[in-house]
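Engineer: One structure, pasted below without further comment.
The values are calculated or read from the model by the stated rules, or taken from the named source; none is laboratory data. Worth saying up front: this structure is predicted, and the values here are computed from it rather than measured. Here Cβ is always computed from backbone atoms with ideal geometry, including for glycine, and neighbour counts include all displayed protein chains. Surface areas here come from the heavy atoms of the whole protein model, side chains and all, with no ligands, DNA or RNA. Shrake-Rupley method; radii C 1.70, N 1.55, O 1.52, S 1.80 Å.
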Amino acid sequence: MRSWQRMFAAVMRLLLKCLRLGQRRRFKLVRQAEQLWQYGHLCLRSLLYNSFTNGDVVLDSLFEPVYWLVDHVTRWFGVVFVALVIGLTSSIVAIVYICLLPLILQTYTPAWICWHLAYGHWNLIMIVFHYYMAITTSPGHPPQAKDDLTGVSICRKCIAPKPARTHHCSICNRCVLKMDHHCPWLNNCVGHYNHRYFFSFCLFMTMGCIYCSISGWEMFRDAYAAIERMKLLEKERLQVAANQTYYQTPPPTFSFHQRAFHKSVVYLWVLCSSVALALGALTLWHATLITRGETSIERHINKKERQRLQKKGKVSTARSGGEAGQGRARRDVHLPGLQVFRNPYSYGGWDNWKVFLGVDVPRHWLTRVLLPSPHLPHGTGLSWDLPPCVTKQRAPLLAI
(Lines give C-alpha, C1' and ligand atoms only; values in the text may rest on other atoms or scores of the structure.)
Protein backbone atom coordinates (compact mmCIF):
# COMPACT_ATOMS: atom_id res chain seq x y z
CA MET A 1 0.00 0.00 0.00
CA ARG A 2 2.72 2.45 0.89
CA SER A 3 4.71 1.53 -2.19
CA TRP A 4 1.68 2.29 -4.37
CA GLN A 5 1.24 5.69 -2.67
CA ARG A 6 4.90 6.52 -3.11
CA MET A 7 4.66 5.61 -6.79
CA PHE A 8 1.55 7.79 -7.25
CA ALA A 9 3.25 10.74 -5.55
CA ALA A 10 6.34 10.33 -7.75
CA VAL A 11 4.16 10.35 -10.89
CA MET A 12 2.31 13.47 -9.75
CA ARG A 13 5.58 15.30 -8.99
CA LEU A 14 6.88 14.37 -12.43
CA LEU A 15 3.66 15.65 -14.05
CA LEU A 16 3.87 18.97 -12.17
CA LYS A 17 7.49 19.41 -13.23
CA CYS A 18 6.50 18.84 -16.86
CA LEU A 19 3.69 21.40 -16.57
CA ARG A 20 5.97 24.00 -14.98
CA LEU A 21 8.62 23.35 -17.65
CA GLY A 22 6.02 23.82 -20.40
CA GLN A 23 4.84 27.07 -18.89
CA ARG A 24 8.40 28.34 -18.61
CA ARG A 25 9.12 27.49 -22.23
CA ARG A 26 5.87 29.08 -23.38
CA PHE A 27 6.54 32.26 -21.41
CA LYS A 28 10.08 32.29 -22.72
CA LEU A 29 8.88 32.08 -26.34
CA VAL A 30 6.36 34.88 -25.75
CA ARG A 31 9.06 37.07 -24.24
CA GLN A 32 11.40 36.37 -27.15
CA ALA A 33 8.65 37.26 -29.66
CA GLU A 34 7.95 40.52 -27.86
CA GLN A 35 11.64 41.38 -27.80
CA LEU A 36 11.97 40.66 -31.51
CA TRP A 37 8.92 42.81 -32.28
CA GLN A 38 10.23 45.72 -30.22
CA TYR A 39 13.68 45.41 -31.77
CA GLY A 40 12.27 45.33 -35.31
CA HIS A 41 9.99 48.29 -34.59
CA LEU A 42 12.95 50.26 -33.23
CA CYS A 43 15.09 49.41 -36.26
CA LEU A 44 12.30 50.43 -38.65
CA ARG A 45 11.77 53.77 -36.92
CA SER A 46 15.50 54.46 -36.77
CA LEU A 47 15.85 53.79 -40.50
CA LEU A 48 12.72 55.60 -41.74
CA TYR A 49 12.16 58.36 -39.21
CA ASN A 50 12.45 61.90 -40.55
CA SER A 51 11.23 65.04 -38.84
CA PHE A 52 10.29 66.49 -42.27
CA THR A 53 8.11 63.54 -43.21
CA ASN A 54 4.46 64.39 -43.78
CA GLY A 55 1.51 63.14 -45.75
CA ASP A 56 2.82 64.54 -49.03
CA VAL A 57 6.14 62.72 -48.67
CA VAL A 58 4.39 59.43 -47.91
CA LEU A 59 2.04 59.90 -50.86
CA ASP A 60 4.93 60.68 -53.20
CA SER A 61 6.75 57.57 -51.99
CA LEU A 62 3.69 55.39 -52.64
CA PHE A 63 3.30 56.82 -56.14
CA GLU A 64 7.00 56.52 -56.99
CA PRO A 65 6.46 53.34 -59.09
CA VAL A 66 3.72 55.15 -61.01
CA TYR A 67 6.04 58.11 -61.62
CA TRP A 68 8.76 55.75 -62.85
CA LEU A 69 6.34 54.07 -65.26
CA VAL A 70 5.06 57.40 -66.57
CA ASP A 71 8.61 58.70 -67.10
CA HIS A 72 9.65 55.68 -69.12
CA VAL A 73 6.41 55.43 -71.11
CA THR A 74 6.53 59.15 -71.93
CA ARG A 75 10.13 58.84 -73.05
CA TRP A 76 9.36 56.05 -75.53
CA PHE A 77 5.99 57.35 -76.75
CA GLY A 78 7.11 60.94 -77.36
CA VAL A 79 7.74 60.22 -81.04
CA VAL A 80 4.27 58.67 -81.33
CA PHE A 81 2.65 61.76 -79.80
CA VAL A 82 4.54 64.08 -82.17
CA ALA A 83 3.46 61.96 -85.15
CA LEU A 84 -0.12 62.08 -83.86
CA VAL A 85 -0.07 65.89 -83.67
CA ILE A 86 1.36 66.17 -87.17
CA GLY A 87 -1.11 63.63 -88.56
CA LEU A 88 -4.23 65.18 -87.02
CA THR A 89 -3.17 68.71 -88.01
CA SER A 90 -2.38 67.60 -91.55
CA SER A 91 -5.76 65.89 -91.84
CA ILE A 92 -7.57 69.09 -90.83
CA VAL A 93 -5.54 71.16 -93.31
CA ALA A 94 -6.24 68.63 -96.08
CA ILE A 95 -9.99 68.71 -95.40
CA VAL A 96 -9.98 72.52 -95.45
CA TYR A 97 -8.15 72.67 -98.79
CA ILE A 98 -10.02 69.80 -100.49
CA CYS A 99 -13.55 70.19 -99.14
CA LEU A 100 -14.10 73.65 -97.66
CA LEU A 101 -11.94 75.98 -99.72
CA PRO A 102 -13.72 75.25 -103.06
CA LEU A 103 -17.07 75.81 -101.33
CA ILE A 104 -15.83 79.11 -99.84
CA LEU A 105 -14.59 80.33 -103.22
CA GLN A 106 -17.97 79.54 -104.82
CA THR A 107 -20.37 80.90 -102.22
CA TYR A 108 -18.67 83.66 -100.18
CA THR A 109 -18.28 87.31 -101.09
CA PRO A 110 -14.84 88.63 -102.17
CA ALA A 111 -14.33 90.36 -98.81
CA TRP A 112 -14.99 87.18 -96.84
CA ILE A 113 -12.81 85.19 -99.22
CA CYS A 114 -9.90 87.56 -98.62
CA TRP A 115 -10.45 87.39 -94.86
CA HIS A 116 -10.48 83.59 -94.75
CA LEU A 117 -7.46 83.26 -97.02
CA ALA A 118 -5.41 85.85 -95.12
CA TYR A 119 -6.27 84.80 -91.57
CA GLY A 120 -6.28 81.08 -92.25
CA HIS A 121 -2.85 81.02 -93.88
CA TRP A 122 -1.34 83.39 -91.28
CA ASN A 123 -2.64 81.19 -88.47
CA LEU A 124 -1.37 78.05 -90.19
CA ILE A 125 2.11 79.54 -90.68
CA MET A 126 2.30 80.56 -87.01
CA ILE A 127 1.24 77.08 -85.87
CA VAL A 128 3.76 75.26 -88.06
CA PHE A 129 6.62 77.63 -87.23
CA HIS A 130 6.19 77.58 -83.45
CA TYR A 131 5.61 73.83 -83.28
CA TYR A 132 8.72 73.15 -85.34
CA MET A 133 10.77 75.51 -83.19
CA ALA A 134 9.36 74.04 -79.96
CA ILE A 135 10.32 70.46 -80.82
CA THR A 136 13.73 71.26 -82.35
CA THR A 137 14.99 73.98 -79.97
CA SER A 138 16.87 72.79 -76.92
CA PRO A 139 15.33 74.10 -73.67
CA GLY A 140 18.80 74.90 -72.35
CA HIS A 141 21.07 72.98 -70.00
CA PRO A 142 23.54 74.28 -67.39
CA PRO A 143 27.27 73.83 -68.08
CA GLN A 144 29.09 71.06 -66.30
CA ALA A 145 31.94 73.31 -65.11
CA LYS A 146 31.14 75.06 -61.84
CA ASP A 147 33.85 77.69 -62.34
CA ASP A 148 31.62 79.65 -64.71
CA LEU A 149 28.71 79.87 -62.29
CA THR A 150 28.21 81.67 -59.00
CA GLY A 151 25.68 81.01 -56.30
CA VAL A 152 24.53 77.64 -57.61
CA SER A 153 23.60 74.42 -55.89
CA ILE A 154 24.35 70.85 -56.90
CA CYS A 155 21.72 68.60 -58.44
CA ARG A 156 21.31 65.47 -56.36
CA LYS A 157 20.48 63.31 -59.39
CA CYS A 158 23.02 64.29 -62.04
CA ILE A 159 25.64 65.69 -59.59
CA ALA A 160 26.13 68.86 -61.66
CA PRO A 161 25.80 72.62 -61.04
CA LYS A 162 22.18 73.72 -60.72
CA PRO A 163 21.54 77.46 -61.25
CA ALA A 164 18.44 79.26 -60.03
CA ARG A 165 15.15 78.18 -61.63
CA THR A 166 16.83 75.02 -62.94
CA HIS A 167 15.22 71.64 -62.31
CA HIS A 168 16.07 68.06 -63.15
CA CYS A 169 13.91 66.29 -65.74
CA SER A 170 13.58 62.61 -64.92
CA ILE A 171 12.50 61.83 -68.50
CA CYS A 172 15.40 63.57 -70.25
CA ASN A 173 17.67 62.68 -67.31
CA ARG A 174 19.23 66.16 -67.44
CA CYS A 175 18.85 69.49 -65.68
CA VAL A 176 16.86 72.06 -67.67
CA LEU A 177 17.16 75.84 -67.38
CA LYS A 178 13.92 77.46 -66.18
CA MET A 179 12.11 74.17 -66.59
CA ASP A 180 8.33 74.36 -66.86
CA HIS A 181 7.46 70.73 -67.62
CA HIS A 182 8.22 67.88 -69.99
CA CYS A 183 5.70 67.92 -72.83
CA PRO A 184 5.09 64.52 -74.49
CA TRP A 185 3.37 66.23 -77.44
CA LEU A 186 6.69 67.94 -78.20
CA ASN A 187 8.90 65.03 -77.11
CA ASN A 188 10.94 67.75 -75.46
CA CYS A 189 11.23 69.71 -72.25
CA VAL A 190 9.74 73.19 -72.06
CA GLY A 191 12.49 75.41 -70.68
CA HIS A 192 14.23 78.75 -71.02
CA TYR A 193 14.87 78.74 -74.77
CA ASN A 194 11.64 77.15 -76.08
CA HIS A 195 9.04 78.26 -73.52
CA ARG A 196 7.84 81.06 -75.81
CA TYR A 197 7.56 78.69 -78.77
CA PHE A 198 5.49 76.24 -76.71
CA PHE A 199 3.05 78.88 -75.46
CA SER A 200 2.74 80.50 -78.89
CA PHE A 201 1.98 77.12 -80.46
CA CYS A 202 -0.74 76.47 -77.87
CA LEU A 203 -2.18 79.95 -78.39
CA PHE A 204 -2.27 79.87 -82.19
CA MET A 205 -3.49 76.27 -82.29
CA THR A 206 -6.36 77.25 -79.98
CA MET A 207 -7.13 80.27 -82.14
CA GLY A 208 -7.09 78.10 -85.27
CA CYS A 209 -9.41 75.50 -83.75
CA ILE A 210 -11.85 78.18 -82.57
CA TYR A 211 -11.73 79.74 -86.04
CA CYS A 212 -12.54 76.40 -87.71
CA SER A 213 -15.31 75.62 -85.21
CA ILE A 214 -17.04 78.98 -85.64
CA SER A 215 -16.59 79.15 -89.42
CA GLY A 216 -17.73 75.57 -89.97
CA TRP A 217 -20.74 75.56 -87.62
CA GLU A 218 -23.34 75.93 -90.39
CA MET A 219 -21.53 73.40 -92.57
CA PHE A 220 -21.40 71.00 -89.63
CA ARG A 221 -25.16 71.25 -89.08
CA ASP A 222 -25.88 70.65 -92.75
CA ALA A 223 -23.42 67.75 -92.93
CA TYR A 224 -24.82 66.12 -89.79
CA ALA A 225 -28.38 66.41 -91.13
CA ALA A 226 -27.24 64.94 -94.47
CA ILE A 227 -25.62 61.97 -92.70
CA GLU A 228 -28.87 61.33 -90.83
CA ARG A 229 -30.77 61.40 -94.13
CA MET A 230 -28.22 58.98 -95.56
CA LYS A 231 -28.88 56.53 -92.74
CA LEU A 232 -32.66 56.83 -93.17
CA LEU A 233 -32.54 56.36 -96.94
CA GLU A 234 -30.15 53.44 -96.56
CA LYS A 235 -32.60 51.76 -94.20
CA GLU A 236 -35.47 52.36 -96.66
CA ARG A 237 -33.37 51.03 -99.53
CA LEU A 238 -32.65 47.82 -97.66
CA GLN A 239 -36.35 47.37 -96.84
CA VAL A 240 -37.31 47.88 -100.50
CA ALA A 241 -34.57 45.54 -101.65
CA ALA A 242 -35.92 42.83 -99.33
CA ASN A 243 -39.43 43.16 -100.80
CA GLN A 244 -38.42 44.23 -104.32
CA THR A 245 -40.35 43.04 -107.34
CA TYR A 246 -39.37 43.35 -110.98
CA TYR A 247 -41.20 46.68 -111.50
CA GLN A 248 -40.09 48.45 -108.26
CA THR A 249 -37.24 51.02 -108.25
CA PRO A 250 -35.07 51.41 -105.09
CA PRO A 251 -34.58 54.93 -103.69
CA PRO A 252 -31.47 56.83 -104.83
CA THR A 253 -28.22 56.38 -102.92
CA PHE A 254 -25.55 58.93 -102.04
CA SER A 255 -22.26 58.80 -103.89
CA PHE A 256 -18.93 58.09 -102.22
CA HIS A 257 -17.85 61.70 -102.74
CA GLN A 258 -20.94 63.00 -100.95
CA ARG A 259 -20.49 60.62 -98.02
CA ALA A 260 -16.80 61.49 -97.66
CA PHE A 261 -17.52 65.22 -97.85
CA HIS A 262 -20.16 65.24 -95.10
CA LYS A 263 -18.22 62.91 -92.80
CA SER A 264 -15.06 64.99 -93.25
CA VAL A 265 -16.90 68.16 -92.23
CA VAL A 266 -18.27 66.46 -89.10
CA TYR A 267 -14.81 65.08 -88.25
CA LEU A 268 -13.24 68.53 -88.68
CA TRP A 269 -15.74 70.30 -86.45
CA VAL A 270 -15.72 67.69 -83.66
CA LEU A 271 -11.92 67.48 -83.56
CA CYS A 272 -11.39 71.25 -83.65
CA SER A 273 -14.01 71.89 -80.97
CA SER A 274 -12.52 69.24 -78.66
CA VAL A 275 -8.97 70.54 -79.10
CA ALA A 276 -10.15 74.13 -78.62
CA LEU A 277 -11.67 73.27 -75.24
CA ALA A 278 -8.77 71.17 -73.94
CA LEU A 279 -5.91 73.22 -75.34
CA GLY A 280 -7.69 76.48 -74.56
CA ALA A 281 -7.85 75.58 -70.86
CA LEU A 282 -4.12 74.71 -70.90
CA THR A 283 -3.31 77.99 -72.67
CA LEU A 284 -5.26 80.03 -70.11
CA TRP A 285 -3.44 78.24 -67.29
CA HIS A 286 -0.01 79.02 -68.76
CA ALA A 287 -1.07 82.60 -69.47
CA THR A 288 -1.87 82.98 -65.77
CA LEU A 289 1.54 81.59 -64.82
CA ILE A 290 3.29 83.94 -67.26
CA THR A 291 1.40 86.90 -65.80
CA ARG A 292 2.70 85.91 -62.35
CA GLY A 293 6.24 85.36 -63.62
CA GLU A 294 6.21 81.70 -62.60
CA THR A 295 6.62 78.31 -64.20
CA SER A 296 4.49 75.28 -63.39
CA ILE A 297 7.15 73.93 -61.03
CA GLU A 298 7.76 77.30 -59.37
CA ARG A 299 4.06 77.74 -58.67
CA HIS A 300 4.07 74.54 -56.62
CA ILE A 301 7.30 75.50 -54.84
CA ASN A 302 6.12 79.06 -54.09
CA LYS A 303 2.80 77.79 -52.76
CA LYS A 304 4.49 75.37 -50.36
CA GLU A 305 7.01 77.97 -49.23
CA ARG A 306 4.31 80.59 -48.67
CA GLN A 307 2.29 78.18 -46.54
CA ARG A 308 5.39 77.22 -44.53
CA LEU A 309 6.32 80.85 -43.81
CA GLN A 310 2.73 81.73 -42.93
CA LYS A 311 2.64 78.95 -40.36
CA LYS A 312 5.81 80.37 -38.81
CA GLY A 313 4.27 83.86 -38.80
CA LYS A 314 6.97 85.39 -40.99
CA VAL A 315 4.75 86.60 -43.84
CA SER A 316 1.22 87.94 -44.10
CA THR A 317 -1.62 86.37 -46.04
CA ALA A 318 -1.68 89.21 -48.60
CA ARG A 319 -0.49 88.40 -52.10
CA SER A 320 1.95 90.59 -53.91
CA GLY A 321 0.96 92.67 -56.88
CA GLY A 322 3.29 90.68 -59.14
CA GLU A 323 1.33 87.54 -58.49
CA ALA A 324 -1.94 89.31 -58.99
CA GLY A 325 -0.60 90.76 -62.24
CA GLN A 326 -1.43 94.39 -61.44
CA GLY A 327 1.94 95.77 -60.30
CA ARG A 328 0.58 96.79 -56.87
CA ALA A 329 -0.17 94.98 -53.61
CA ARG A 330 -3.70 93.97 -52.80
CA ARG A 331 -5.42 95.85 -50.02
CA ASP A 332 -5.55 92.91 -47.64
CA VAL A 333 -5.35 93.63 -43.96
CA HIS A 334 -2.24 92.07 -42.45
CA LEU A 335 -0.29 92.51 -39.28
CA PRO A 336 2.34 95.28 -39.21
CA GLY A 337 5.94 94.14 -39.31
CA LEU A 338 5.18 91.15 -41.52
CA GLN A 339 6.47 91.01 -45.06
CA VAL A 340 4.57 90.03 -48.17
CA PHE A 341 5.68 86.88 -49.95
CA ARG A 342 6.74 87.74 -53.48
CA ASN A 343 8.16 85.85 -56.41
CA PRO A 344 11.55 87.51 -57.12
CA TYR A 345 11.26 86.80 -60.85
CA SER A 346 8.01 88.73 -61.25
CA TYR A 347 8.15 92.34 -62.43
CA GLY A 348 4.40 92.97 -62.69
CA GLY A 349 1.91 91.53 -65.11
CA TRP A 350 2.65 93.75 -68.13
CA ASP A 351 6.42 93.61 -67.73
CA ASN A 352 6.28 89.85 -67.25
CA TRP A 353 4.66 89.50 -70.66
CA LYS A 354 7.21 91.79 -72.28
CA VAL A 355 10.06 89.79 -70.76
CA PHE A 356 8.48 86.50 -71.82
CA LEU A 357 7.78 87.59 -75.41
CA GLY A 358 11.06 89.51 -75.77
CA VAL A 359 9.38 92.85 -76.51
CA ASP A 360 11.90 95.66 -76.01
CA VAL A 361 10.41 98.34 -78.29
CA PRO A 362 6.83 98.82 -79.58
CA ARG A 363 7.60 97.51 -83.07
CA HIS A 364 8.52 94.14 -81.56
CA TRP A 365 4.81 93.47 -80.98
CA LEU A 366 4.55 93.14 -84.75
CA THR A 367 7.90 91.63 -85.68
CA ARG A 368 8.29 89.28 -82.70
CA VAL A 369 4.73 88.45 -81.67
CA LEU A 370 2.44 88.68 -84.70
CA LEU A 371 5.06 87.38 -87.12
CA PRO A 372 7.34 84.32 -86.87
CA SER A 373 10.51 85.29 -85.03
CA PRO A 374 13.40 83.07 -83.81
CA HIS A 375 14.76 85.68 -81.39
CA LEU A 376 16.31 84.44 -78.15
CA PRO A 377 14.80 85.17 -74.72
CA HIS A 378 16.32 87.63 -72.27
CA GLY A 379 19.32 86.31 -70.39
CA THR A 380 21.15 83.02 -70.56
CA GLY A 381 19.08 81.16 -67.99
CA LEU A 382 22.10 80.97 -65.66
CA SER A 383 21.54 84.30 -63.90
CA TRP A 384 18.46 86.50 -63.69
CA ASP A 385 19.40 90.17 -63.90
CA LEU A 386 16.89 92.94 -64.50
CA PRO A 387 15.81 92.80 -68.19
CA PRO A 388 16.14 96.05 -70.17
CA CYS A 389 12.43 96.08 -71.04
CA VAL A 390 11.37 96.32 -67.37
CA THR A 391 10.36 99.90 -66.65
CA LYS A 392 10.68 99.93 -62.88
CA GLN A 393 12.66 97.97 -60.32
CA ARG A 394 10.43 96.59 -57.61
CA ALA A 395 11.13 97.06 -53.93
CA PRO A 396 12.86 94.00 -52.44
CA LEU A 397 10.52 91.94 -50.29
CA LEU A 398 10.66 88.46 -48.83
CA ALA A 399 10.91 86.00 -51.70
CA ILE A 400 12.43 82.73 -52.79
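Engineer: What number goes with the only condition from (1) modelled with pLDDT of 80 or more; (2) of a type outside the set (Phe, Trp, Tyr); (3) under 20 Å from PHE199 (Cα atoms) that GLU323 does not pass?
Structural biologist: Checking GLU323 against (1) modelled with pLDDT of 80 or more; (2) of a type outside the set (Phe, Trp, Tyr); (3) under 20 Å from PHE199 (Cα atoms), the one that fails is (1).
Engineer: For THR380, are the conditions met, namely being surrounded by fewer than 15 Cβ atoms within 10 Å (Cβ to Cβ), at pLDDT 85 or above and of a type in the set (S, T, N, Q)?
Structural biologist: So THR380 fails the test.
Engineer: Within region 33-54, is even one residue at pLDDT 70 or above, over 29 Å from LYS304 (Cα atoms), of a type in the set (Asp, Glu) and in a helix (DSSP H, G or I)?
Structural biologist: Yes, there is a match, as at least one residue in region 33-54 is at pLDDT 70 or above, over 29 Å from LYS304 (Cα atoms), of a type in the set (Asp, Glu) and in a helix (DSSP H, G or I).
Engineer: Also: With (1) within 30 Å of CYS209 (Cα to Cα); (2) at pLDDT 70 or above; (3) under 21 Å from the mean Cα position of the chain (by Cα); (4) open to solvent by 60 Å² or more (accessible area, probe 1.4 Å) as the list, and VAL70 as the residue in question, which single condition is left unmet?
Structural biologist: Exception for VAL70: condition (2).
Engineer: List the number of the failed condition for THR283; all other conditions in (1) within 30 Å of ASP180 (Cα to Cα); (2) hydroxyl-bearing (Ser, Thr, Tyr); (3) open to solvent by 20 Å² or more (accessible area, probe 1.4 Å) hold.
Structural biologist: Here THR283 meets the rest and fails (3).
Engineer: OK, next. For region 209-232, indicate whether the set of residues that are over 30 Å from VAL93 (Cβ atoms), assigned to a helix (DSSP H, G or I), modelled with pLDDT under 85 and open to solvent by less than 60 Å² (accessible area, probe 1.4 Å) is non-empty.
Structural biologist: No, region 209-232 contains no residue that is over 30 Å from VAL93 (Cβ atoms), assigned to a helix (DSSP H, G or I), modelled with pLDDT under 85 and open to solvent by less than 60 Å² (accessible area, probe 1.4 Å).
Engineer: Still on this structure, I have one more. Consider region 270-304. How many of its residues are closer than 22 Å to HIS192 by Cα and in a helix (DSSP H, G or I)?
Structural biologist: Residues meeting the conditions: 20.
Engineer: Where the second residue is assigned to a loop (DSSP other than H, G, I, E, B) and of a type in the set (Gly, Ala, Ser) and the first is free of Cβ contacts under 8 Å to residues at least 60 places away in the same chain and lies in region 163-185, which pairs have Cβ atoms under 7 Å and are six or more apart or on separate chains?
Structural biologist: Close Cβ pairs (under 7 Å, with a partner that is assigned to a loop (DSSP other than H, G, I, E, B) and of a type in the set (Gly, Ala, Ser)) amount to CYS175/ALA160; VAL176/GLY140; VAL176/GLY191.
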